[in-house]
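Shown next, in structure tokens, is the structure this report addresses.
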Amino acid sequence: MTSKGKILVVDDDPDIRTLLAELLGRAGYETEQAADGRTALRRLYEAPPALVVLDVSMPDMDGYQTLERIRDLSDVPVLMLTARTQELEKVRGLTSGADDYVAKPFGRQELLARVQALLRRTGGKTEVTEAYSDDFLQVDFAQRRVVAQGREVQLTPLEFRLLSTLVQHPNQVLGRDQLLELVWSDPYAVSGDQVKLYVGYLRKKLAPDDAAATPIETVRGFGYRYRRD
């Protein structure tokens, strides 16, 4: 049988991983397994899958933390699994960057249908961004390492997501609502003033002696852009 694409299954329960691997294998998908978030990120970096099935409740690095790191590296579709059925948990997963959400115990046909729908939507094509570099800035997305003008810079997770979004759209003006959706995952959940505030934080950290010297520009009335000369 020809493989329909590779799916990365991430769950700390070996029985669940085995069940999913068998279910997806019978449907024609190649699977790779990871028992924790850190292993999943290594697998994603080494050989990008067409889709990730990700459990929420895992020790050390839970599903939400793993999802956050995945989104730094890739736009691969992510289907989250959880035993929590509260609506707020589902909303949290979707606003954190998940593409779909299935509660345990899951129906096998429903899970397969959701996998197929996600792969149809994305075409099964994903790309992992490894790094960004210009004369001012170097960003290692896998290690979350930022160097500005030869100096390593420590950023919070939100600051890193904002910087990553800007540098991945060089010379493109991104509006406030766009940034709220791309960085905060919900343009209505937080105030638009948060964008201005965090752009200010970034500028000060990237160039503490002269924040105006950073390549992050304000385009009045439109938004912000990272200027790559």
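The values are calculated or read from the model by the stated rules, or taken from the named source; none is laboratory data. Because the structure is predicted, anything quoted here is derived from the model rather than measured. A quick note on method: Cβ atoms are made from the backbone with ideal geometry, for glycine too, and the neighbour counts reach across all protein chains shown.
Within region 152-163, is there a residue that is surrounded by 13 or more Cβ atoms within 10 Å (Cβ to Cβ), modelled with pLDDT under 95 and polar (S, T, N, Q)? No, region 152-163 has no match at all.
All conditions in (1) out of contact with any Pro (no Cβ under 9 Å at 6 or more places or on another chain); (2) at pLDDT below 85; (3) assigned to a loop (DSSP other than H, G, I, E, B); (4) surrounded by 15 or more Cβ atoms within 10 Å (Cβ to Cβ) hold for Thr126, with the sole exception of (1). Pairs are defined by a Cβ separation below 8 Å, a sequence spacing of at least 6 or placement on different chains, a first member in region 97-112 that is over 13 Å from Thr82 (Cβ atoms), and a second member that is of a type outside the set (A, V, I, L, M); the pairs so defined are Gly97/Glu68; Gly97/Arg71; Gly97/Ser185; Asp99/Pro77; Asp99/Arg121.
Inside region 205-214, can you point out the residues that are buried (at least 16 other Cβ atoms within 10 Å of the Cβ) and either modelled with pLDDT of 95 or more or not in a loop (DSSP other than H, G, I, E, B) (or both)?
The answer is Lys205, Leu206, Ala211.
The condition of being closer than 13 Å to Val9 by Cβ, at pLDDT 80 or above and buried (at least 20 other Cβ atoms within 10 Å of the Cβ) does not hold for Leu67.
Exactly one condition in (1) in a helix (DSSP H, G or I); (2) modelled with pLDDT of 90 or more is false for Val53; which is it? Just one mismatch for Val53, condition (1).
Every listed requirement among (1) exposed (fewer than 15 other Cβ atoms within 10 Å of the Cβ); (2) in a helix (DSSP H, G or I); (3) within 20 Å of the chain's Cα centre (by Cα) is met by Asp60 save one, (2). Of the set (1) on the phi > 0 side of the Ramachandran plot; (2) more than 18 Å from the chain's Cα centre (by Cα); (3) surrounded by fewer than 18 Cβ atoms within 10 Å (Cβ to Cβ), all apply to Arg144 but (2). For region 14-26, the set of residues classified as loosely packed, with under 15 Cβ neighbours inside 10 Å and of a type outside the set (Lys, Arg) consists of Pro14, Asp15, Thr18, Glu22, Gly25, listed by residue number.
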